[in-house]
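The values are calculated or read from the model by the stated rules, or taken from the named source; none is laboratory data. Just so we're clear, the structure is a prediction, and the values are computed from it rather than from any experiment. Positions of Cβ are backbone-derived with ideal geometry, glycine not excepted, and every protein chain shown enters the neighbour counts. Only protein heavy atoms, including side chains, enter the accessible area calculation; ligands, DNA and RNA are left aside. Shrake-Rupley method; radii C 1.70, N 1.55, O 1.52, S 1.80 Å.
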Amino acid sequence: MAKRTHVKERLHKGYAQTMEVTRVLADEKTRYQRIRIFDTVANGRVMTLDDIVQITSRDESAYADMLTHLPMLEHGKVERVMIVGGGDLSIAEEALKHASVKEVVLVDIDGRVIELCKQHLGSINAKACKDKRLTLEVADAFEYLGRKTSRNHFDLIIADRPDPVGPGKALFGETFYDRIKGALRQGGYATFQTGVPFYQSEEITEALQELARFFPRSGLYLSVVPTYIGGFMALSWASKGGKALGTPAGLKKAKAAYKRLKLKTDYYNPEIHAAAFALPNWIKALLP
């Protein structure tokens, strides 16, 4: 009998999760990180970077849908989208479902992530790969945001950033948020992966404080991504001159747009949209 293989993720101090692996599809060390893609018994196809889970085919919609459709439906006229990171292309796939979109620019520093995900994660990105509106840039997103051509260019910027280690460190902090603001058009939104409140409370409070320094409106909403251990996943948002997300008027607008566009989504729906802004008291206490 073949020996079973297991992958262990130790993301938080004193806590780890283990997955039983049935097949390894890719295992490469690039100049930036170790990329592994493998099939599992319980979580579908998984990609890890430096042994930290980035995406699984089973629950990616709870993450990609909420970073993408929620702000897009409330905005109503998103034409140009930038994705910071996102080399698995799942967020690009969701953004391109909107007919109003003219351009999606995905900027990832590690081109091998993009290539391996094209090869092995077609179940969640195949349509995006064929869409001529998608531009893939292998570059430092921090540098890309600072270019003159990025100034006031995007209606939505989605920061699908990893945790603040290794090459992901530049995608946190005040300078990064300042560049995000500069690249947004008036009325545009930015959304961010902000960690798991149960284990990363200090990081969330700090991120929200920094957003408030640069944007007139910002806040927090929630999703539940089972593979991101710790329960609720915090997603933060910021607006450049636009309306706050999650207001009664915004929810009504999103509900009508969702019905009109006939979006096909695995996680998002108008009811989930509204519920995402309902914060447990212990998470409310983290807000600055």
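Below, the figures for the structure above:
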| quantity | calculated |
| --- | --- |
| Residue identified as under 17 Å from ALA64 (Cα atoms), polar (S, T, N, Q), at pLDDT 95 or above and open to solvent by less than 60 Å² (accessible area, probe 1.4 Å) among THR191, THR247 | THR191 |
| Residue list for the stretch 264-280, restricted to those being in a loop (DSSP other than H, G, I, E, B) and either under 19 Å from the mean Cα position of the chain (by Cα) or at pLDDT below 95 (or both) | LYS264, THR265, ASP266, TYR267, TYR268, ASN269, ALA276, PHE277 |
| Single unsatisfied condition, GLN186 versus (1) surrounded by fewer than 16 Cβ atoms within 10 Å (Cβ to Cβ); (2) part of a loop (DSSP other than H, G, I, E, B) | (2) |
| Any hit, the stretch 57-79, residues being in contact with a Lys or Arg (Cβ under 7 Å, 6 or more places away or on another chain) and under 15 Å from LEU121 (Cα atoms) | yes |
| Unique residue being more than 23 Å from the chain's Cα centre (by Cα) and on the phi < 0 side of the Ramachandran plot when the list is GLU9, GLU20 | GLU20 |
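Yes/no matrix, rows are residues, columns are (1) crowded, with 17+ Cβ neighbours inside 10 Å; (2) hydroxyl-bearing (Ser, Thr, Tyr):
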site	(1), (2)
PRO216	no, no
ALA234	yes, no
GLY241	no, no
LYS252	no, no
LYS259	no, no
TYR267	yes, yes
GLU271	no, no
ALA278	no, no
ILE283	yes, no
